[in-house]
């Protein structure tokens, strides 16, 4: 007998990272370690596309900073940079108030009511970032998340002829040399659909495979996307269109970020916004808690409605009665027919 692939009783909070979970950019500890001027690095990165254009070449702005990091390694300014060092730098990342504790205590929301527990509802947290995956994996938040989509580097690339080589040499001086994964503000939407279809949990499901709505692991209407601003508009749009919720955060000390989020809300890009404060009782936590409970209530209602629609009423005993008139006999016959 056919059955659905997933129970669809999972809720996903999908998080941007820089300026959403932390006040600045995650690469700051990396620049400090190598003595690289952070402001100058980003100024050069932002100027790369125009300078290459003048030379007759084209470079995607989204890939510029990854290439510029590799150029720093090649030029010796970040000599020896590898994934281990990126993870070590990740330990220095400072989060907004309430993190990473929020990621753990929020999971209890879906177990708070007996009807939620009855249906086995689960809350998952995912990071989808244009930052560096290894730094996220080295950060304090790593044990509290269910998956991360971010940029990755390859150390010591395989050389031509590697398929015919019996043994691969071990190079103790590993160093990043190639881009392994690139996430930009548009490809973030691909990560949303991977979470939606469950490709991160079942490798047999390709993100481009046609999967019916009832067979998707986490319906988009069960998602909440949280980010800091306009660069996440493509992801906001996908989630809103799919019936999910969107929320923007701002640094409480930065009025410009507040105004930016207010414009996003008036433009219909987000459902709501609030300060990047994840302590219990904050406006942001209260809003997220409310939305998670609303999704839980809908999941319960949908699942119980589905059960009711697939089952019939049980038969009841008929009481003995005196001889029935014609109209009464018809009523009993009609009642008995409903048991079939």
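In the condition set (1) within 27 Å of residue 197 (Cβ to Cβ); (2) over 14 Å from the mean Cα position of the chain (by Cα); (3) free of Cβ contacts under 8 Å to residues at least 40 places away in the same chain; (4) buried (at least 16 other Cβ atoms within 10 Å of the Cβ), residue 261 is compliant with all but (1). Given the criteria part of a loop (DSSP other than H, G, I, E, B) and at pLDDT 95 or above, does residue 274 qualify? No; evaluated as a whole, the condition is false for this residue. Annotation: of all residues in the range 173-197 being in contact with a helix residue (DSSP H, G or I) (Cβ under 9 Å, 6 or more places away or on another chain) and part of a loop (DSSP other than H, G, I, E, B), the one that is surrounded by the fewest Cβ atoms within 10 Å (Cβ to Cβ) is 186.
The residue that is surrounded by the fewest Cβ atoms within 10 Å (Cβ to Cβ), counting only those in the range 102-118 that are within 25 Å of residue 228 (Cβ to Cβ) and in contact (Cβ under 8 Å) with a residue 60 or more places away in the chain, is 105.
Being closer than 18 Å to residue 150 by Cα and assigned to a helix (DSSP H, G or I) is true of residue 68. Here's a check for you: in the range 51-81, which residue that is in contact (Cβ under 8 Å) with a residue 40 or more places away in the chain and out of contact with any helix residue (DSSP H, G or I) (no Cβ under 9 Å at 6 or more places or on another chain) is farthest from residue 281 (Cα to Cα)? Filtering first and then ranking leaves 73. Of all the residues in the range 133-150, those that are part of a strand (DSSP E or B), surrounded by 18 or more Cβ atoms within 10 Å (Cβ to Cβ), under 10 Å from the mean Cα position of the chain (by Cα) and touching a residue at least 24 places away in the same chain (Cβ under 8 Å) number 1. In the set (1) within 30 Å of residue 284 (Cβ to Cβ); (2) in contact with a strand residue (DSSP E or B) (Cβ under 7 Å, 6 or more places away or on another chain), residue 190 fails one condition alone, (2). The set of residues from the range 87-100 being outside any loop (DSSP other than H, G, I, E, B) and without any contact (Cβ under 8 Å) to a residue 60 or more places away in the chain comprises 87, 88. In the range 165-184, the count of residues that are out of contact with any strand residue (DSSP E or B) (no Cβ under 7 Å at 6 or more places or on another chain) and modelled with pLDDT of 85 or more is zero.
The values are calculated or read from the model by the stated rules, or taken from the named source; none is laboratory data. As the structure is a computational prediction, the values presented were derived from the model and not from experiment. For neighbour counting, all protein chains shown are included, and Cβ atoms are generated from backbone atoms with ideal geometry for every residue, glycine included.
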